[in-house]
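Accompanying notes for the structure given below.
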Amino acid sequence: MLKDLVDLKHGVLLDRAIRFRFNPKGHLIVTQSSESPAIRLVALGGLGEIGMNCLAIEAAGKLLVIDCGVSFPHTDLGVDVYHPDFSYLERRRDRVVGIVLTHGHEDHIGGLPYLLRVLDVPVHGSCHALGLASERLLERGFSPRQIRLMPFSVGQRFEAGPFSIEPVRVSHSIPEACALVIRHQRFTIVHTGDFKFDPDPPDGHATDEERLRQIGDEGVSLLLSDSTNIDAEGMSGSERSVGRALSDVISACETRVVVGLFSSNVHRLRMVGEIAQACGRKITLLGRSAQTQVRVATRCGLLNWPSDLLIPPDLLGSVGQRQSLIIASGTQGEPMAALSRLSFQTHPALTLAPKDVLVLSSRVIPGNDPAVSRMISNFIRQGVSVVHRVTNPSIHVSGHAHRDEQRRMIELLRPSVFVPVHGTLHHLHRHAEFARSLGVPTVMAAENGEVLELSSGGIRVGDVVEVGKIATYNGDELLPSVLKQREYLGRHGVAVLTLAIDARGRMIFPPWLSTRGVLDDMEERDVLNGAVENVVKALSSWSFSEQNPSDQEVMEVAERAVQRSLDGLSSRRPMTIVHVVRA
Ligand SMILES: [Zn+2]
Ligand SMILES: [Zn+2]
């Protein structure tokens with residue numbers, strides 16, 4: 001059977017010494033290798049999903065972790081963020097030599113407070129990424145002494161265990177983003193991080209094509225490349241063009257303007273600052289995230305706003321509407337964020353007036369559409385004029401490479417092996433297909449947990465390790481059993497029955513049954529009375545095994561009676577809780 005010989009998904013023979021692949025002309029190429037892998041790579045997150053990026057690279061018995069991100073929930077079960085299950089790293093904690101951050105987005109740094117609870121290792125990153133990471137860590141109770149932050153600059157190589165690492169500048173929707181060139185023995189791995197080719201970025205730091213080409217000339221064993229926008233043709237567009245579009249919109253406004261943006265996009269913050277100054281407006285930051293981002297960017301010398309440009313939220317009343325420009329966070333309709341609260345008119349610092357203008361300089365992350373659309377509707381109801389990407393496509397560009405830029409990265413680096421990262425399975429497979437079409441000799445799309453073994457013979461999937469995601473609320477883990485209960489409660493509601501019984505299991509008061517999220521007021525009384533009658537009948541006719549039945553026995557009989565009754569009388573199956581009180 002073919003399937004006994006070949007792993008069809010990855011195109012590798014199950015005899016691990018033999019591998020085959022098709023070259024671009026469709027010829028079957030078979031290679032044989034007796035080498036053991038020199039480097040192992042395991043993604044704990046980010047392969048098969050957008051978010052939670054975390055990759056372990058293992059060589060000479062040591063592990064290096066690239067990025068440590070979170071992802072955000074799309075269901076309302078009270079989860080703040082998900083982080084990767086770090087058990088794989090925890091079991092190898094003595095061998096982990098450090099964590100390297102490609103940039104400061106939450107999907108790359110947000111998991112650090114959870115990983116550093118179990119690992120005491122240095123964290124390498126740019127000033128900006130480390131600034132944001134340390135904010136997160138301090139917020140979660142770390143003291144400055146507990147964290148070892150090692151700032152790096154592009155072009156400066158540093159060592160971590162057996163790895164030599166060279167950060168290379170890439171442009172992205174956050175400053176100081178880097179690709180990482182990771183060298184070990186004769187192997188050179190390039191991890192692009194999140195990137196785009198913006199020929200004229202506002203901070204002047206374009207992707208360093210020249211250095212990437214040199215690295216390509218030296219030879220790249222493996223390229224791991226950002227797949228987010230593999231479905232988007234052409235180029236992602238320049239951030240400076242967004243500045244021009246925002247300037248056109250804002251300078252035409254006669255009233256108060258609110259700009260909603262991802263505040264980690266310091267390039268855009270800086271351009272909005274310039275526009276505000278040109279229009280004679282003062283900036284007010286609404287939302288903790290916007291304030292944190294401005295603070296960190298200023299500390300790293302990336303933002304240099306004059307001190308009189310900012311007006312604190314509590315002094316908003318002292319500025320005329322035409323002199324005010326608000327920067328607000330929460331473009332994804334997050335319920336507690338500034339924009340949502342403005343849309344519900346519950347923000348303590350500001351209520352928008354009809355004809356005020358809201359500019360949403362952002363995209364809607366898939367899954368957030370209903371929340372964003374609800375928020376926009378609320379603003380429209382208030383008479384606020386909303387400018388967003390659908391009505392004016394020029395006010396936002398993506399920070400991730402489109403297909404032409406992804407091609408450019410492959411052409412500059414000319415890797416022997418290509419593994420797409422940062423994407424759903426669809427993105428990864430499409431990016432893999434694209435790399436194959438560009439003639440990359442070996443291409444493999446892998447998922448979280450699959451151990452990729454890199455040797456001079458190529459790459460193959462070795463073991464599969466257990467991975468997963470951990471839900472958290474306010475920094476603490478929420479167990480799957482708790483989330484399951486929340487899901488059930490959300491769908492079916494809850495019924496609570498209280499029984500007062502004597503030592504022989506006889507009721508001394510009528511049972512008390514109440515429900516939440518199950519019945520409406522009209523039907524409640526009849527259904528509950530019927531259910532209570534059934535409970536009384538069930539308990540009096542039940543032949544308990546002993547004279548003195550246990551609480552557990554009584555609870556089980558009563559629970560079944562409540563469930564049967566509510567199902568029969570109202571077709572509802574709520575979670576049922578029975579309390580037994582002994583008299
Ligand atoms: Zn990013
Ligand atoms: Zn990312």
Subset of segment 203-214 (residues that are touching a strand residue (DSSP E or B) at 6+ places or on another chain (Cβ under 6 Å) and buried (at least 21 other Cβ atoms within 10 Å of the Cβ)): T207
Candidates D248, D200, D217, filtered to the one that is surrounded by fewer than 20 Cβ atoms within 10 Å (Cβ to Cβ), within 30 Å of F379 (Cα to Cα) and among the charged types (D, E, K, R): D248
Candidates V554, V536, V527, V562, filtered to the one that is out of contact with any Leu (no Cβ under 6 Å at 6 or more places or on another chain), in a helix (DSSP H, G or I), touching a residue at least 40 places away in the same chain (Cβ under 8 Å) and assigned by TED's automatic domain parsing to the domain that holds V494: V554
Some residue of segment 455-466 being exposed (fewer than 15 other Cβ atoms within 10 Å of the Cβ) and on the phi > 0 side of the Ramachandran plot: no
Single match in L360, L310, L303 (criterion: within 17 Å of S263 (Cβ to Cβ) and touching a helix residue (DSSP H, G or I) at 6+ places or on another chain (Cβ under 6 Å)): L303
Among residues of segment 394-418, those that are assigned to a loop (DSSP other than H, G, I, E, B), over 30 Å from R341 (Cβ atoms) and within 16 Å of ligand 2 (Cβ to nearest atom), counted: 2
Test: residue in segment 111-124 that is in the same structural domain as G468 (by TED's automatic domain parsing) and under 24 Å from L428 (Cβ atoms): yes
S164 within 16 Å of ligand 2 (Cβ to nearest atom) and either buried (at least 18 other Cβ atoms within 10 Å of the Cβ) or closer than 29 Å to A435 by Cβ (or both): no
Filter pass, V181 being in contact (Cβ under 8 Å) with a residue 40 or more places away in the chain, touching a helix residue (DSSP H, G or I) at 6+ places or on another chain (Cβ under 8 Å), among the hydrophobic types (A, V, I, L, M, F, W, C) and more than 16 Å from ligand 2 (Cβ to nearest atom): no
Segment 86-107 - residue that is small (G, A, S) and more than 15 Å from the chain's Cα centre (by Cα) and, of those, nearest to ligand 1 (Cβ to nearest atom): G98
Residue list for segment 257-299, restricted to those being surrounded by fewer than 20 Cβ atoms within 10 Å (Cβ to Cβ) and on the phi > 0 side of the Ramachandran plot: G280
The lone exception for L132 - which of (1) under 28 Å from E477 (Cβ atoms); (2) without any contact (Cβ under 8 Å) to a residue 60 or more places away in the chain; (3) aliphatic (A, V, I, L, M) it fails: (2)
Candidate set from segment 32-47 (those that are at pLDDT 95 or above and assigned to a strand (DSSP E or B)); member that is nearest to F187 (Cα to Cα): I39
Residue list for segment 285-317, restricted to those being over 25 Å from S153 (Cα atoms) and in contact (Cβ under 8 Å) with a residue 60 or more places away in the chain: L286
Pairs with Cβ under 8 Å, 6+ apart, first in segment 144-160 and not assigned by TED's automatic domain parsing to the domain that holds S126, second not basic (K, R): none
Some residue of segment 328-337 being closer than 24 Å to D198 by Cα and assigned by TED's automatic domain parsing to the domain that holds L358: yes
Strands (runs of 3 or more DSSP E) enclosed by segment 448-489 - at least 1 residues per element that are under 29 Å from E58 (Cβ atoms) and touching a helix residue (DSSP H, G or I) at 6+ places or on another chain (Cβ under 9 Å): 469-473, 476-478
Complete set of residues in segment 362-393 that are assigned to a helix (DSSP H, G or I), surrounded by fewer than 16 Cβ atoms within 10 Å (Cβ to Cβ) and among the small types (G, A, S): S373, S377
Considering residues of segment 473-485 that are within 18 Å of the chain's Cα centre (by Cα) and over 18 Å from Y88 (Cβ atoms) only, the residue surrounded by the most Cβ atoms within 10 Å (Cβ to Cβ): L478
Residue satisfying condition, being out of contact with any Asp or Glu (no Cβ under 7 Å at 6 or more places or on another chain) and not in a loop (DSSP other than H, G, I, E, B), within set S289, S340: S289
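The values are calculated or read from the model by the stated rules, or taken from the named source; none is laboratory data. Note that this is a predicted model, so its numbers are computed, not measured. We place every Cβ from the backbone using ideal geometry, glycine too, and count neighbours over all the protein chains shown.
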